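Peer 1: Quick one: the structure is below, questions incoming.
The values are calculated or read from the model by the stated rules, or taken from the named source; none is laboratory data. What you see is a predicted model, and the numbers here were worked out from it, not measured in a lab. Glycine gets a Cβ as well: all are built from the backbone with ideal geometry, and neighbour counts include every protein chain shown.
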Amino acid sequence: MLTPEEIQQSRSPSELRKFVEDIFTNVPNDRAEWELGVQKKGRYKQFLDEIVPLSRFAEKMYPQTYRIEPVLGNQGHDALVFDEKNTEVDRIEIAMPQEGAEQAVDARHLIDRGYGVFRVGEPGDAFKKLGHLVLRTSKDKAQKDYSDCVLVIAINIEKINPFPEYEAALQELIGKLQEIKFKAKGVFLLILPNRVEAISG
């Protein structure tokens, strides 16, 4: 269902968002594709880790007259952004910190029995764990030269239950990110689904 040609098509921010929504609507109707998606196999890893956050960021940050063109491969950026005159205005690199091994176990359980692993902990534990991943990933990214790119660090908090100190914990994380010296045109924290916080640039 997902092909490189489909993914890399040039679209306006709203068209990219619709493409993503159509995939989420259609894939559950095909069991084989759904299983690939749950396990992030085939093109679904790039789709979920790059294209989904890209679609949210683009819709929030760029006018509808711009075109967003995802780029597959290891070229140091995940998308190109063009203005109305077809002039390149940005290159975007997406980073989505996550615990891959834990997600793989959840995916297998979801396919086999219909639900993932139950985890018990104190309020805020899941966010604290995610925060450590974000900082580790960000420090790794800070070692690379993204001076021609906008770096977007995306975090998915859908499975993290809200807790009273959430906003304070988020602001603390943002503060720690702002202390990191990135070599990038700009750095943003994307809190999915659609909150964007400027880190630098």
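Peer 1: What residue, among those in the range 163-180 that are of a type in the set (D, E, K, R) and assigned to a loop (DSSP other than H, G, I, E, B), is modelled with the highest pLDDT? Let's see the steps before the verdict.
Peer 2: Within the range 163-180, the first condition is being of a type in the set (D, E, K, R), and the residues that meet it are 165, 167, 172, 176, 179.
Of the ones still in play, those that are also assigned to a loop (DSSP other than H, G, I, E, B) are 165, 179.
Numbers: GLU165: 88, GLU179: 97.
So the residue we want is GLU179.
Peer 1: Separate question: Scanning for something part of a helix (DSSP H, G or I) and in contact (Cβ under 8 Å) with a residue 60 or more places away in the chain, does the range 24-39 turn up at least one residue? Let's see the steps before the verdict.
Peer 2: To start, the set of residues in the range 24-39 that are part of a helix (DSSP H, G or I) comprises 24-29, 31-38.
Imposing the further condition that a residue be in contact (Cβ under 8 Å) with a residue 60 or more places away in the chain reduces the set to 35, 38.
Within the range 24-39, one or more residues are part of a helix (DSSP H, G or I) and in contact (Cβ under 8 Å) with a residue 60 or more places away in the chain.
Peer 1: Considering every residue within the range 48-57, establish whether at least one is among the polar types (S, T, N, Q), modelled with pLDDT under 95 and crowded, with 17+ Cβ neighbours inside 10 Å.
Peer 2: From the range 48-57, those among the polar types (S, T, N, Q) are 55; that's our starting set.
Next, from what is left, pick out any that are modelled with pLDDT under 95: none.
No: the range 48-57 contains no residue that is among the polar types (S, T, N, Q), modelled with pLDDT under 95 and crowded, with 17+ Cβ neighbours inside 10 Å.
Peer 1: Quick one: in the range 192-201, of everything that is surrounded by 14 or more Cβ atoms within 10 Å (Cβ to Cβ) and modelled with pLDDT under 95, which residue is farthest from ASP145 (Cα to Cα)?
Peer 2: Among those residues, the one meeting the criterion is LEU192.
Peer 1: Could I ask something else about it? Can you find, within the range 1-23, the residue that is farthest from the chain's Cα centre (by Cα) among those that are part of a helix (DSSP H, G or I) and charged (D, E, K, R)?
Peer 2: GLU5
Peer 1: A further question on this structure: Which one of ASN86, ASN74 is modelled with pLDDT under 85, over 19 Å from ILE155 (Cβ atoms) and either in a loop (DSSP other than H, G, I, E, B) or among the β-branched types (Val, Ile, Thr) (or both)? So that I can check it myself, show each step before the final result.
Peer 2: Working: ASN86 fails: modelled with pLDDT under 85.
After ruling out the rest, the residue left standing is ASN74.
Peer 1: Still on this structure, I have one more. What tally of residues in the range 40-68 results from selecting those that are in a loop (DSSP other than H, G, I, E, B) and farther than 30 Å from GLU84 by Cβ? Break it down into steps so the answer makes sense when it comes.
Peer 2: Residues of the range 40-68 in a loop (DSSP other than H, G, I, E, B): 40-43, 62-66.
Then drop every residue that is not farther than 30 Å from GLU84 by Cβ, which leaves 40-42.
Residues flagged as in a loop (DSSP other than H, G, I, E, B) and farther than 30 Å from GLU84 by Cβ within the range 40-68 amount to 3.
Peer 1: Related question: Restrict the check to the range 29-50 and report whether at least one residue is β-branched (Val, Ile, Thr), in contact with a Leu (Cβ under 8 Å, 6 or more places away or on another chain) and within 26 Å of ASP145 (Cβ to Cβ).
Peer 2: Quick first cut of the range 29-50, residues β-branched (Val, Ile, Thr) only: 38.
Now drop any that are not in contact with a Leu (Cβ under 8 Å, 6 or more places away or on another chain), which leaves 38.
Retained after the next criterion (residues that are within 26 Å of ASP145 (Cβ to Cβ)): none.
No; the residues of the range 29-50 include none that is β-branched (Val, Ile, Thr), in contact with a Leu (Cβ under 8 Å, 6 or more places away or on another chain) and within 26 Å of ASP145 (Cβ to Cβ).
Peer 1: OK, next. Picking from ARG31, ARG56, which residue would you name as being basic (Lys, Arg) and more than 18 Å from LEU192 (Cβ to Cβ)?
Peer 2: Selected residue: ARG31, the only one of ARG31, ARG56 that is basic (Lys, Arg) and more than 18 Å from LEU192 (Cβ to Cβ).
Peer 1: Name every residue in the range 138-162 that is part of a strand (DSSP E or B) and more than 25 Å from GLU88 (Cα to Cα), in order of residue number. Walk me through it before giving the result.
Peer 2: First, pick out the residues of the range 138-162 that are part of a strand (DSSP E or B): 145-156.
ILE155, ASN156 - these are the residues of the range 138-162 that are part of a strand (DSSP E or B) and more than 25 Å from GLU88 (Cα to Cα).
Peer 1: Which of the numbered conditions does ALA107 fail, given that it passes all the others? Conditions: (1) modelled with pLDDT under 85; (2) under 26 Å from VAL196 (Cα atoms); (3) touching a Lys or Arg at 6+ places or on another chain (Cβ under 9 Å); (4) of a type in the set (Gly, Ala, Ser).
Peer 2: Every condition holds for ALA107 apart from (2).
Peer 1: Would a scan of the range 59-80 turn up a residue that is free of Cβ contacts under 8 Å to residues at least 24 places away in the same chain, touching a strand residue (DSSP E or B) at 6+ places or on another chain (Cβ under 6 Å) and either over 23 Å from LYS139 (Cβ atoms) or surrounded by 12 or more Cβ atoms within 10 Å (Cβ to Cβ) (or both)?
Peer 2: Checking the range 59-80: at least one residue is free of Cβ contacts under 8 Å to residues at least 24 places away in the same chain, touching a strand residue (DSSP E or B) at 6+ places or on another chain (Cβ under 6 Å) and either over 23 Å from LYS139 (Cβ atoms) or surrounded by 12 or more Cβ atoms within 10 Å (Cβ to Cβ) (or both).
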